[in-house]
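Novice: What follows is a structure written as structure tokens; I'll ask about it next.
What follows draws every value from the coordinates through simple rules; no lab data is involved. Model, not experiment: these values are computed from the prediction. A quick note on method: Cβ atoms are made from the backbone with ideal geometry, for glycine too, and the neighbour counts reach across all protein chains shown.
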Amino acid sequence: MGFIGKNGVLSEYEKKEFTENVLIPNFMHLVDQGIYSVLFDYELKIVVCTTLSAQSIGLGRWEDARGLSFRNYADTDVAAKIFSGHYNEQLMESLHQYAKRIYEIQSLVFTSKNVISLIDLLPYGGKFTSYLVTYVPILHPSGEVVAIQSFAIQSRFFSHQDYLRVITDEKTHEKYLHSEKLTLREHEIMFLLANGINQEQCSQILKITRSTIGNIIANQLCPKFGISGSNTKLLAQVALQHEFHQLVPSSLYRPYIVVLDEKIATQISNYTISTEPPASDAV
């Protein structure tokens, strides 16, 4: 074995040796199973993944995914490889922000030793593909986190996900909004509420505070639909009745990460990565 660094911290050699001799061999029996799972090392690089995970990003073999990392969220070549068919001019900037958020979450798993579950949503072909993803810290016998493993299953986030269509035609968009005299932000909230999305999740998707969501519901949307006070549940029912559930505002047709634990979501919002990725850290 290698040596333990100062103050009981594992050396890089120790981490690498444990990963190569213990973690990777224990993972190998999963490679050809029909599951989505990835093992990231202490540098947050993929060291091994299942074939299904590799194929989900357009790679033929799991070996082709080795070395990829969300740490390189600003690198266009890496992003193009990770996101494959999703990576286009329309989504480019939002995909880089999405990758940065995943990197922040992975970093937090390392520093906090918390298990973090999230919904991963990617737009493709006018629809959304969504996965329930869980990141689990992997501990060395010393107690230090040396890797993280992700597990994912396909899931439905929007309650009417199979029937969504994106509003891209401006005339249709304007006519639809004018019919209810809604602003774009109000339409976004009505679409989310109609699909069973709660206020905390709305705030993560829209990148505004939960209190702002509450104020818009209470002071703008409820009065427009004749609802007294602030009744989110009733407003969601009204949104469904008015068929907001099927029409996705084009402004919302982008990738999302929605953390399921509200406390952890708040922690991530306040979390700052201490070290920016190197400008040309090739994978």
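Novice: Treating each Cα of region 215-260 as an identical point scatterer and ignoring solvent, apply the Debye formula and state log10 I(q)/I(0) at q = 0.15, 0.23, 0.25, 0.26 Å⁻¹.
Specialist: Log10 I(q)/I(0), no solvent term: -0.51, -0.90, -0.94, -0.95.
Novice: Amide H to amide H, which residues 5 or more places from residue 42 or on other chains are under 5 Å from it, using H placed in the peptide plane?
Specialist: For residue 42, no residues qualify.
Novice: Next question. Counting only C-alpha contacts under 8 Å and six or more residues apart, can you give the relative contact order of region 86-168 as a whole percent?
Specialist: 24 percent
Novice: Neighbouring Cβ atoms within 10 Å as the yardstick, rank 190, 28, 92 fewest first.
Specialist: Starting with the residue having the fewest Cβ neighbours, the order is 28, 92, 190.
Novice: With Rg and the Kirkwood Rh both taken from Cα atoms, where does Rg over Rh land for the chain?
Specialist: 1.03
Novice: Across every pair of different alpha-carbon atoms, what Kirkwood hydrodynamic radius in Å does region 182-224 reach?
Specialist: The Cα-based Kirkwood calculation yields 10.1 Å.
Novice: With the contact rule set at Cα under 8 Å and sequence spacing of 6 or more, what percent relative contact order holds for the chain?
Specialist: The normalised contact order for the chain reaches 18 percent.
Novice: So what are the ³J(HN,Hα) numbers for region 101-109, from phi and the Karplus equation (6.51, -1.76, 1.60; θ = phi - 60°), rounded to whole Hz, Gly and Pro as x?
Specialist: Working through the residues one at a time gives 5, 4, 4, 4, 5, 4, 4, 5, 4 Hz.
Novice: Next up: 222 nm [θ] for the chain, helices only, -39500 (n - 2.57) per DSSP H run of 4+, per residue, to 500?
Specialist: Theoretical 222 nm ellipticity from helices: -10000 deg cm²/dmol.
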